[in-house]
1. Yes or no: the range 407-422 includes at least one residue that is open to solvent by less than 10 Å² (accessible area, probe 1.4 Å), closer than 30 Å to R328 by Cβ, at pLDDT below 90 and not hydroxyl-bearing (S, T, Y).
2. Can you list residue pairs whose Cβ atoms sit under 9 Å apart, with the first residue in the range 132-155 being within 17 Å of R179 (Cβ to Cβ) and the second being among the hydroxyl-bearing types (S, T, Y) and surrounded by 16 or more Cβ atoms within 10 Å (Cβ to Cβ)? Count only pairs 6 or more apart in sequence or on different chains.
3. Can you name the residue in the range 141-178 that is of a type in the set (G, A, S) and in a loop (DSSP other than H, G, I, E, B) and, of all such residues, is nearest to the chain's Cα centre (by Cα)?
4. Report, by residue number, each residue of the range 239-268 that is out of contact with any Lys or Arg (no Cβ under 6 Å at 6 or more places or on another chain) and in a loop (DSSP other than H, G, I, E, B).
5. Need the failing condition index for D216 against (1) modelled with pLDDT under 85; (2) under 26 Å from L359 (Cα atoms), just the number.
6. If you scan the range 264-300, which residues turn out to be over 25 Å from the mean Cα position of the chain (by Cα) and among the charged types (D, E, K, R)?
7. Just to be sure I understand, how many residues within the range 125-140 are surrounded by 16 or more Cβ atoms within 10 Å (Cβ to Cβ) and modelled with pLDDT of 65 or more?
Amino acid sequence: MLGWFKKKFSKKEQEEVSEQVLPDEVVEEQAVEEETVPVLPPEPEEDTLSAEIPVEDEVVAEPAAVEEEEEADVVPPAPAEEAEVEELVEDESVPTDKSVDEQPQAEEPLEQSPGKSLFQRLQERLGKTRHGLLHRLDSIFLGKKQIDEELLDELEEVLITSDLGVATTRELLDTARTRVKRNELSDPHALKGVLREKILSFLKQSDQAAELVMPDSGSFVIMVVGVNGVGKTTTIGKVANKFKQSGQSVLLIAADTFRAAAIDQLKIWGERVGVEVVAGEPGSDPSSVVYDGLSYGVSNDFDVIMIDTAGRLHTSVNLMEELKKIKRVISKKFAGAPHEVLLVLDATTGQNGIAQAKLFYETVGVSGLALTKLDGTAKGGIVANICRELSIPVRFIGIGEQMDDLRDFNAEEFVDALFADENNEPA
């Protein structure tokens, strides 16, 4: 996890854990009390047996009691009690030891798919990129016994079409040529290891710990920017969920007042995650909404404040100037803020993402990136290219539509998943 979730609020997490233990104990005590309800033992006579079973059903007072009365004359005492327990577990209206034991099993699928580790899920979602890069590398290395210019030309084509970019590709090939001249590299299949090592170095050179941008005290203010349609609002909702799960109070500010649906969308995410949302009227001044939201956030001592801004083309000068104004308002209201300017990029846009990042960086000083829709593109090489060209750390990558499909970016994990073979082993 990022440093955002493990440095500042450890005390809150401990308090929440202690609070979560108490309800479980109460459930167990209630289950014990239900089990101790006296049930009259069955008498040898059949008439007495049929008379006692409805009394049991009246004590439990379940909707399934009618069905149990109809079957009481046929089913023996022991099987009837088992059927009652099954009905109670399904309805979950009366806590029992069995329902308490089954509760964690019902929650497991929400955290991760059964039978698949987090690394396997990442590898699966990067399948298009891996097929476009790794499998094509294997095809050009097949049958080759030495590294020559013809092989390097074919390698150049594969790397550029994987959106690694011309400059990044040239640096990769120069590294390979240098090692060949020094007799450090001769096996074509060993080139994959060289590429993996170099791409990992690109990702690590831009890495920056999130603790460096966090304030020593007060709210952590994040301003989220990006062009239209990249998934800013959805990313904000998923990041807010990460903070919420780590025990921090979160406030969302809907400063995208140009699109009425954006305000409603953020409110829906707020309800889904369980955080507050401050919003103005559609068409109102976004800077005034930000000012009011920050005033409310600071006065109520929120741990994290996330600001959603309107999507805008990076080539629109007027709209980019509006972003500058919003940032100035944030800085005046909250000294040192925004502490993080998170740029959301659509990975499917390829090299256009580089141009977007450069202009947003010049305008508002981007300090972190979130790359979305990596599961829908075969050109995941854009990640390495952005890190090399801009030296801006990647905070998150989106590999699906589910809540936990927005992953904290880990350079080594990403490269391992990108170069993993069919047996889930890094190449």
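The values are calculated or read from the model by the stated rules, or taken from the named source; none is laboratory data. Since the model is a prediction, treat every value here as computed from it, not as a measurement. For neighbour counting, all protein chains shown are included, and Cβ atoms are generated from backbone atoms with ideal geometry for every residue, glycine included. The accessibility values were calculated without ligands, DNA or RNA, using every heavy atom of the protein model including side chains. Shrake-Rupley method; radii C 1.70, N 1.55, O 1.52, S 1.80 Å.
1. The answer is no, given that none of the residues of the range 407-422 is open to solvent by less than 10 Å² (accessible area, probe 1.4 Å), closer than 30 Å to R328 by Cβ, at pLDDT below 90 and not hydroxyl-bearing (S, T, Y).
2. Short answer, once both residue conditions are applied: L155/T169.
3. Step one: of the range 141-178, the residues of a type in the set (G, A, S) are 143, 162, 165, 167, 176.
Within this subset, residues satisfying the condition of being in a loop (DSSP other than H, G, I, E, B) are 143, 162, 165.
Details: G143: 41, S162: 25, G165: 27 Å.
Once the filter is applied, the top-ranked residue is S162.
4. Filtering the range 239-268 down to residues out of contact with any Lys or Arg (no Cβ under 6 Å at 6 or more places or on another chain) leaves 239-246, 248-249, 251-268.
Matches in the range 239-268: S246, Q248, S249, A255, D256, T257, F258, R259.
5. (2)
6. If the condition is that a residue be over 25 Å from the mean Cα position of the chain (by Cα) and among the charged types (D, E, K, R), then E281, D285, D292 are the ones that fit.
7. Step one: of the range 125-140, the residues surrounded by 16 or more Cβ atoms within 10 Å (Cβ to Cβ) are 125-126, 129-130, 132-134, 136-137, 140.
Next, from what is left, pick out any that are modelled with pLDDT of 65 or more: 126, 133-134, 136-137, 140.
Matching residues across the range 125-140 total 6.
Here is a yes/no grid of residues against (1) modelled with pLDDT of 85 or more; (2) in contact with a helix residue (DSSP H, G or I) (Cβ under 6 Å, 6 or more places away or on another chain); (3) open to solvent by 10 Å² or more (accessible area, probe 1.4 Å):
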site	(1), (2), (3)
L142	no, no, yes
V158	yes, yes, no
L164	no, yes, no
E171	yes, no, yes
R177	yes, no, yes
E197	yes, no, yes
